Amino acid sequence: MHDYYKQRRDNLRQKLEQENLQALLISYPTNRFYLSGFELHDCQCNESSGHILIQKNGNDILFTDSRFLEVAKSLWKEENIIIYQNQIEDIRLYLKNSIKGKIGIEATIVSHNFYEQLSQGLELEPAEGLVEELRIVKDDKEIQAIKQSVTLNHKLFKWLPTIFKEGMSEAEIAFKIEMFFREHGATENSFPPIVAINQNAARPHHLPSNETKLIENCHVLIDVGARYNDYCSDQTRTFWFGEKIDSKFQEMLMQVQEAQAEAIKILAPDLPCCEAHLKAVEIFKKYGVEKAFTHSLGHGVGLDVHEEPRLSTRSKRLLKPNMIVTVEPGLYYPNYGGIRWEYMVRITENGNEIL
């Protein structure tokens, strides 16, 4: 396992050479974990579990505090672990005494205060996306983990409609989803479950409430994901609850699923990401409903539930084999509700595979 992470760091070293950097200080938790296996999450948003310094000369350093020493020793050579008392100052002193030349930092991750204190006496340079460019194409082990996570999602969606009953609240359904994932081996949710009934489904990221409940003949949008073996899944289904299916619901569902199917058909290596989004818009325009599609078509999924590549109008990035993306068109009408339908898709050598 140590060699697995070392290979990733060696791949990053090649990018340091290209960028004329002597080192790169990793502060983003997901990137830290990707390169070391150390702490996928920070303790909380205003507190860091540690930083990793990747050096061109191969002398990589893990900075953390005493709470994480034993975990760090299980993953990293002890002589390359620095336990800090004053986080920023101790890191700054090491960098000042050990590195001559440009040091990259993840400028969109660290705070202005962190940068101001760290930069004294150092030649720091913003270096964004270097690790993310490695993460964007998944290896065989990652693909297997993601497939396991998606399989768990499929099990959930098969089970979930069987427990629906009148009077069940959005929050109650969300709690049952969390319980199901934990009981079936997930370490956590990829994100808090989105459960939205009727008009609430017009809010793509609705927070489940205790007040809104299932009633006879309503629709409910469920967007959920699990973290299984460290990797995320993300899928949405929109269900009808009741015997009498509304004709508007049926029409919207047909339009959404057609837009999704047509977009998936063109997913293949070297397709610009924006083209996938535009294909979905093309289908919605055919029905005159494109203004009700209010977000991008999809995004990458891996250690983060939202990562590159983005299937949006702004992205000219070309798809490559073993990128994994969501395809999730939706239609949203504030006075009625919304429908979203989401698959995860792997780009293959000559097309794609729906997971």
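Please go through the range 236-294 and give me each residue that is basic (Lys, Arg) and either modelled with pLDDT of 95 or more or surrounded by 16 or more Cβ atoms within 10 Å (Cβ to Cβ) (or both), ordered by number. Before you say what the answer is, go through the steps one by one.
Quick first cut of the range 236-294, residues basic (Lys, Arg) only: 237, 244, 248, 265, 279, 285-286, 291.
Arg237, Lys248, Lys265, Lys279, Lys285, Lys286, Lys291, listed by residue number.
Do we have Ile88 as among the aliphatic types (A, V, I, L, M) and more than 29 Å from Asp3 (Cβ to Cβ) here? Full working, then the answer.
Values: among the aliphatic types (A, V, I, L, M): yes; more than 29 Å from Asp3 (Cβ to Cβ): yes.
So Ile88 fits the description; yes.
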Verdict on Ala261 being among the small types (Gly, Ala, Ser), over 18 Å from Asp234 (Cβ atoms) and in a helix (DSSP H, G or I): yes
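Can you give me the number of residues within the range 222-249 that are of a type in the set (A, V, I, L, M) and in contact with a Ser or Thr (Cβ under 6 Å, 6 or more places away or on another chain)? First the steps, then the outcome.
Pass one, the range 222-249, residues of a type in the set (A, V, I, L, M): 222, 224, 226, 245.
Within this subset, residues satisfying the condition of being in contact with a Ser or Thr (Cβ under 6 Å, 6 or more places away or on another chain) are 226.
Total meeting the criteria: 1.
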Subset of the range 142-183 that is without any contact (Cβ under 8 Å) to a residue 12 or more places away in the chain and closer than 21 Å to Ser209 by Cβ - its residue that is surrounded by the fewest Cβ atoms within 10 Å (Cβ to Cβ): Met179
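Take the conditions in contact (Cβ under 8 Å) with a residue 60 or more places away in the chain and surrounded by fewer than 24 Cβ atoms within 10 Å (Cβ to Cβ) and apply them to Pro321. Does it pass? Write out each step before concluding.
Numbers: in contact (Cβ under 8 Å) with a residue 60 or more places away in the chain: yes; surrounded by fewer than 24 Cβ atoms within 10 Å (Cβ to Cβ): yes.
Criteria met by Pro321.
To keep it simple, each residue is scored yes or no on (1) over 18 Å from the mean Cα position of the chain (by Cα); (2) buried (at least 18 other Cβ atoms within 10 Å of the Cβ).
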| position | (1), (2) |
| --- | --- |
| Asp304 | no, yes |
| Ser312 | no, no |
| Tyr332 | yes, yes |
| Gly337 | yes, yes |
| Ile347 | no, yes |
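A quick yes/no check of all residues on (1) touching a helix residue (DSSP H, G or I) at 6+ places or on another chain (Cβ under 7 Å); (2) acidic (Asp, Glu):
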| site | (1), (2) |
| --- | --- |
| Glu262 | yes, yes |
| Gly288 | no, no |
| His295 | no, no |
| Asp304 | yes, yes |
| Leu318 | no, no |
| Met323 | no, no |
| Pro334 | yes, no |
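Within the range 208-221, how many residues are in a loop (DSSP other than H, G, I, E, B) and touching a Ser or Thr at 6+ places or on another chain (Cβ under 9 Å)? I'd like the intermediate steps shown before the answer.
As a first pass, look at the range 208-221 and keep what is in a loop (DSSP other than H, G, I, E, B): 208-212, 214-217.
Subsequent filtering for residues that are touching a Ser or Thr at 6+ places or on another chain (Cβ under 9 Å) retains 208-212, 214.
The qualifying residues number 6.
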Selection from the range 30-47 of residues that are of a type outside the set (A, V, I, L, M, F, W, C), without any contact (Cβ under 8 Å) to a residue 60 or more places away in the chain and surrounded by fewer than 22 Cβ atoms within 10 Å (Cβ to Cβ): Gly37, Glu39, His41, Asp42, Gln44, Asn46, Glu47
Failed item in (1) touching a residue at least 12 places away in the same chain (Cβ under 8 Å); (2) closer than 22 Å to Val150 by Cβ; (3) open to solvent by less than 60 Å² (accessible area, probe 1.4 Å), with Glu308 passing the rest: (3)
Every residue from the range 68-97 that is without any contact (Cβ under 8 Å) to a residue 12 or more places away in the chain and either closer than 24 Å to Tyr34 by Cβ or under 28 Å from the mean Cα position of the chain (by Cα) (or both): Glu70, Lys73, Ser74, Lys77, Glu78, Glu79
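Please verify whether Arg182 is farther than 26 Å from Leu40 by Cβ and of a type in the set (Lys, Arg), treating the condition exactly as stated. First the steps, then the outcome.
Working: farther than 26 Å from Leu40 by Cβ: no; of a type in the set (Lys, Arg): yes.
No.
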Residue check, Glu328 surrounded by fewer than 22 Cβ atoms within 10 Å (Cβ to Cβ), acidic (Asp, Glu) and at pLDDT 95 or above: no
Residue in the range 57-79 that is farthest from Glu17 (Cα to Cα), counting only those that are open to solvent by less than 60 Å² (accessible area, probe 1.4 Å) and in a loop (DSSP other than H, G, I, E, B): Asp65
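The values are calculated or read from the model by the stated rules, or taken from the named source; none is laboratory data. Predicted model, so just to flag it, every value in this text is computed and none were measured. A quick note on method: Cβ atoms are made from the backbone with ideal geometry, for glycine too, and the neighbour counts reach across all protein chains shown. SASA here: full protein model, heavy atoms, side chains in, ligands and nucleic acids out. Shrake-Rupley method; radii C 1.70, N 1.55, O 1.52, S 1.80 Å.
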